[in-house]
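I have placed the structure first, in the form of structure tokens, so that the comments after it can refer back to it.
The values are calculated or read from the model by the stated rules, or taken from the named source; none is laboratory data. Since the structure is predicted, the reported quantities are computational estimates derived from the model, not experimental observations. As a convention, Cβ positions derive from the backbone with ideal geometry for all residues, glycine included, and neighbour counts pool all protein chains shown.
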Amino acid sequence: MLERWQQLLTFALVGAGTAVMYVGLGALFHHALLWPYMLSVALAYVLTVSTHFVLSQRFTFAADKNKTPQQLKRYIAYLMGHFAFSMGSVRFGVEWLGWPLVLASAASIAIATVVGYLVSKHWVFAS
């Protein structure tokens, strides 16, 4: 039981760390290097999700590295679903529930973290 909570905590810490990385890289590329903001965001996103994949595979789930191609395909599918869920749930919160954007985003992140952990554990990095 304790191992499950430790794994969930590691997953959340990896997610929080890569979120900080995403914002930081985007700011660095755009504000310090003066790159166009769309290029900055795109590159920051690619670098961040790549880092998240590696950290999740090696530390959070200690997954079999021999299955990396299969895991990567699943991870990309997960990312596409995660994006669709995030956009839809934020829109639902703002437009249907009348929540402020920050509250809708926070609720989306909370749900997506738990769902993302379960999907990663039982599908993306499953043995």
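Just a few scattered comments:
- Set ALA19, ALA32, ALA44: member being over 13 Å from the mean Cα position of the chain (by Cα) and among the hydrophobic types (A, V, I, L, M, F, W, C): ALA32
- Any chance TRP35 is outside the structural domain of VAL114 (by TED's automatic domain parsing), farther than 20 Å from VAL115 by Cβ and either modelled with pLDDT under 95 or not in a helix (DSSP H, G or I) (or both): yes
- Pick from the range 61-78, criterion under 19 Å from GLY17 (Cα atoms) and at pLDDT below 95, ranking: surrounded by the fewest Cβ atoms within 10 Å (Cβ to Cβ): ALA62
- Cross-chain or 6+ apart pairs with Cβ under 7 Å, the range 99-127 first and surrounded by 13 or more Cβ atoms within 10 Å (Cβ to Cβ), then among the aliphatic types (A, V, I, L, M) and outside any helix (DSSP H, G or I): PHE125/ALA63
- Pairs are defined by a Cβ separation below 7 Å, a sequence spacing of at least 6 or placement on different chains, a first member in the range 63-85 that is closer than 17 Å to THR48 by Cα and free of Cβ contacts under 8 Å to residues at least 40 places away in the same chain, and a second member that is among the charged types (D, E, K, R) and in a helix (DSSP H, G or I); no pair meets this definition.
- Residue match in the range 2-13 (condition: outside the structural domain of SER120 (by TED's automatic domain parsing), over 18 Å from ALA112 (Cβ atoms), surrounded by 13 or more Cβ atoms within 10 Å (Cβ to Cβ) and modelled with pLDDT of 90 or more): no
- Test: residue in the range 44-53 that is surrounded by 14 or more Cβ atoms within 10 Å (Cβ to Cβ) and under 13 Å from SER120 (Cα atoms): yes
- Matching residues, the range 43-62, being part of a helix (DSSP H, G or I) and either among the polar types (S, T, N, Q) or in contact (Cβ under 8 Å) with a residue 24 or more places away in the chain (or both): LEU47, THR48, VAL49, SER50, THR51, HIS52, LEU55, SER56, GLN57, PHE59, THR60
- Whenever a residue of the range 9-23 is among the polar types (S, T, N, Q), its partners that are in a helix (DSSP H, G or I) and surrounded by 15 or more Cβ atoms within 10 Å (Cβ to Cβ), lying with C-beta atoms within less than 6 angstrom and at least six residues away or across chains, give the pairs THR10/THR60; THR18/THR48; THR18/THR51; THR18/HIS52.
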